[in-house]
Amino acid sequence: MAADLYRRSLDAAAHPARARPALQALVALLAAAGRIEDAATTLESALARGADAPSSEADTAFEIWARESLVAFYADELGMAARALPHQRRLVALCPQDLGRRVRLHDLD
């Protein structure tokens, strides 16, 4: 029931950035219910909708959260390191001086 409300909120939002709280709540709800693949698919769709380069700090923060979540879902929960790789590469590109991100990339690769 709650997931349906969050999905309706996402569909009704005129601008994807305004739907981020509902998106984050939906992803958390799906993950908590063990529906990791659904949570990952939801995040992938959100990133595809906002495929333009981040234009604000909020956009960048959202992208980082989404990609870190996807890396954790794919690599840690689903055992699909290959699906996590492009997201980890983008995280390294966003912050190349972050050693932890580079180590994680090496581990996944």
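All of the numbers you see were taken from the coordinates with simple rules; none came from a lab. Note that the structure is predicted; figures quoted are calculated from it, not measured. Glycine gets a Cβ as well: all are built from the backbone with ideal geometry, and neighbour counts include every protein chain shown.
Provide the per-residue ³J(HN,Hα) series for the range 33-50, in order, calculated from phi with Karplus coefficients 6.51, -1.76, 1.60 and θ = phi - 60°, each as a whole number of Hz, with x at glycine and proline positions.
Couplings: 8, x, 9, 5, 4, 5, 4, 5, 4, 4, 5, 4, 5, 5, 5, 5, 5, x Hz.
In debye, nearest 20, what is the charge dipole magnitude of the range 30-109 about its Cα centre with +1 on Lys and Arg Cβ and -1 on Asp and Glu Cβ, if you could check?
The calculation lands at about 160 debye.
Please give the helix 99-108 orientation as an angle from the longest Cα principal axis of the chain, in degrees from 0 to 90, rounded to the nearest 10.
Long axis of 99-108 versus the principal axis of the chain: about 90 degrees.
Take the Cβ-Cβ distance between Arg49 and Ser9 as r, set R0 to 22 Å, and report the resulting FRET efficiency rounded to the nearest 0.05.
My answer for the efficiency is 0.95.
Between the helical axis of 20-32 and the dominant principal axis of the chain, each derived from Cα atoms, what acute angle in degrees is found, rounded to the nearest 10?
80
How far apart, in nanometres, would the label points at Glu68 and Met1 be if each is projected 7 angstrom from Cα along the Cα-to-Cβ direction?
Inter-label distance under the simple model: 3.3 nm.
Take the Cβ-Cβ distance between Arg89 and Ala58 as r, set R0 to 35 Å, and report the resulting FRET efficiency rounded to the nearest 0.05.
Result of the calculation: an efficiency of 0.95.
Looking at [x] 0.98; [y] 1.43; [z] 1.13, which value of Rg/Rh (Cα atoms, Kirkwood Rh) comes from a calculation on the structure shown?
Answer label, from the structure shown: [x].
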